[in-house]
Amino acid sequence: MRKPFIAANWKMNKTQSDTWEFLSKFIPEVKDRPDVDIAVAPPFTSLPAAAEKLVNTGIILTSQNVFYEEKGAYTGEISPLMLVDIGCKYTIIGHSERRQYFDETDDIVNRKIKASKKAGLGVIVCIGESLDEREAGKTFNVLQRELEKGLDGVTPHDTVIAYEPIWAIGTGKTATPEQAQDAHAYIRGRLRILYGNKADEFCIIYGGSVTPDNVDSLMSCEDVDGALVGGASLKVESFTRIVKFRKGQ
Ligand code: PGA
């Protein structure tokens, strides 16, 4: 049995004091949810405040990005070792906003995953199709390419796959539970080809306009093991309700 994995991606939101305030309210709310892995990804500058707040809570400190070199002349970049040093256990890699605005390719994603794993950092690897690709019937081709290139030479442990259809991110257009289940089942099938029985170790989480209103039906899908939440993770009340999802509703 895989433990559900629910992650907050705050994107470029929340200063250190916002982070402190959010976590002061959020941590007591979710104390009774040890059966769910909860991850929070603040921006880099708020990681120290979050790290301090999250000590002994079991909540997983996560970064939103990482660079693939250990150190050196890479102005403005942050290495996996630096993130581990500050208390991060995971990093998000290959978010569609990074692929779109910062030209991250499958090769860069693969290098970032390998460098993170080497430093002992778990990874949340984002994959997903655009609206054009979906309408052209290419969803599975995109997922196959992003999985195979991104995960080339990567071991399964501490690897979470986030299926995030680009057309659902920040748009309020969530994938239906059927669309999510179809994509997740496809991803699980590809992972079986790549990893055999070890494919069952991967958490495959859904992202794209997850809210308190749709989380229960998404989490009721057989192959949906969790959620990556953007907008609805910025408010304590809505993210708490998402963490407290109820299956079968
Ligand atoms: P959203 O973002 O929940 O605001 O759609 C999800 C994500 O980009 O990870």
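Against the numbered list (1) over 21 Å from S63 (Cα atoms); (2) away from the ligand (no atom under 16 Å from the Cβ), A175 comes up short only at (2). Does segment 188-203 include one or more residues that are crowded, with 21+ Cβ neighbours inside 10 Å, within 16 Å of the ligand (Cβ to nearest atom) and under 17 Å from the mean Cα position of the chain (by Cα)? Within segment 188-203, not a single residue is crowded, with 21+ Cβ neighbours inside 10 Å, within 16 Å of the ligand (Cβ to nearest atom) and under 17 Å from the mean Cα position of the chain (by Cα). For segment 200-211, a residue qualifies if it is on the phi > 0 side of the Ramachandran plot and assigned to a helix (DSSP H, G or I), but none of them does. Under the condition of being within 18 Å of C126 (Cβ to Cβ) and in contact with a helix residue (DSSP H, G or I) (Cβ under 9 Å, 6 or more places away or on another chain), the residues counted in segment 183-204 number 9. The residue list N197, N214 contains one member that is in contact with a Ser or Thr (Cβ under 6 Å, 6 or more places away or on another chain) and at negative phi, which is N214. Considered as a group, the residues in segment 216-230 that are in contact (Cβ under 8 Å) with a residue 60 or more places away in the chain and either surrounded by fewer than 18 Cβ atoms within 10 Å (Cβ to Cβ) or not in a helix (DSSP H, G or I) (or both) include one that is farthest from the ligand (Cβ to nearest atom), and that residue is D225.
Yes/no per residue for (1) under 22 Å from I38 (Cα atoms); (2) within 15 Å of the ligand (Cβ to nearest atom); (3) in contact (Cβ under 8 Å) with a residue 40 or more places away in the chain:
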{"position": "E135", "(1), (2), (3)": "no, no, no"}
{"position": "L147", "(1), (2), (3)": "no, no, yes"}
{"position": "I161", "(1), (2), (3)": "yes, yes, yes"}
{"position": "P165", "(1), (2), (3)": "yes, yes, yes"}
{"position": "N214", "(1), (2), (3)": "yes, yes, yes"}
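Across segment 105-114, the number of residues qualifying as crowded, with 20+ Cβ neighbours inside 10 Å and either more than 21 Å from G230 (Cβ to Cβ) or away from the ligand (no atom under 16 Å from the Cβ) (or both) comes to 3.
Selection of segment 1-49 for residues being among the charged types (D, E, K, R), in contact (Cβ under 8 Å) with a residue 60 or more places away in the chain and under 24 Å from V160 (Cα atoms) yields R2, K3, K11, R33, D37.
For D158, the conditions (1) farther than 19 Å from N65 by Cβ; (2) open to solvent by 60 Å² or more (accessible area, probe 1.4 Å) are fulfilled apart from (1).
The values are calculated or read from the model by the stated rules, or taken from the named source; none is laboratory data. This structure is a prediction, so every number in the text was calculated from the model and none was measured. Counting neighbours? That spans all protein chains shown, and the Cβs are built from the backbone with ideal geometry, glycine included. These area figures cover heavy atoms from the full protein model, side chains too; ligands, DNA and RNA do not enter into them. Shrake-Rupley method; radii C 1.70, N 1.55, O 1.52, S 1.80 Å.
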